[in-house]
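**Q** Let me begin by handing over the structure; questions about it come next.
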Amino acid sequence: MARLCIDLDGVIAELKKPGQTYRDIAPIPGAPEKLRAFKEAGHYIIIQTARHMKTCGANVGLVQARIAKDTLDWLERHDVPYDEIYFGKPWAQIYIDDNAFRFESWDAVADDASNLPANREEQAGAGGNVG
């Protein structure tokens, strides 16, 4: 099965609004259920986040000290499964990646992730990037 790397804010969790804390935000509708379906289909789930990277000057240790516990508690409270979590995704306005999938809503993603680009390439025998 696939290794899926999924952004936290705006994909799994709603974006934080002024006056909210990361503890207060809601999951994106369908996100916890879809990630549970991915796990049931045998996928390895990696969550990545740029939380506090801009405000902490890209100091990953400081980011983890400020937000890791609240983030891990939030994932547990909302029953969001994952195998790894990466704090320290570089903060940017635009990300360009050859293995990216433009997220619109969880309704557009198959429960087994079979309609995601890497899976379509593997099914066609094209392989994919390694490493």
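The values are calculated or read from the model by the stated rules, or taken from the named source; none is laboratory data. Computed from a prediction, not measured in an experiment: that's the story for all the values here. Positions of Cβ are backbone-derived with ideal geometry, glycine not excepted, and every protein chain shown enters the neighbour counts.
**Q** Go through segment 2-22 residue by residue and tally those that are in contact (Cβ under 8 Å) with a residue 12 or more places away in the chain and surrounded by fewer than 13 Cβ atoms within 10 Å (Cβ to Cβ). Working first, answer last.
**A** Of segment 2-22, the ones in contact (Cβ under 8 Å) with a residue 12 or more places away in the chain are 2-14, 21-22.
Still in the list and also surrounded by fewer than 13 Cβ atoms within 10 Å (Cβ to Cβ): 3, 10, 21.
Residues meeting the conditions: 3.
**Q** State which residue pairs qualify: first residue loosely packed, with under 11 Cβ neighbours inside 10 Å and of a type in the set (D, E, K, R) and inside segment 90-119, second residue at pLDDT 75 or above and in a loop (DSSP other than H, G, I, E, B) in any location, beta carbons under 9 Å apart, and separation of 6 or more residues or different chains.
**A** Qualifying pairs under 9 Å: Asp107/Pro29; Asp107/Gly30.
**Q** For segment 65-86, what are the residues that are among the acidic types (Asp, Glu) and either closer than 17 Å to Pro27 by Cα or surrounded by 13 or more Cβ atoms within 10 Å (Cβ to Cβ) (or both)? Give the derivation first.
**A** The initial filter retains those residues of segment 65-86 that are among the acidic types (Asp, Glu), namely 70, 73, 76, 79, 83-84.
The answer is Asp70, Asp73, Glu76, Asp79.
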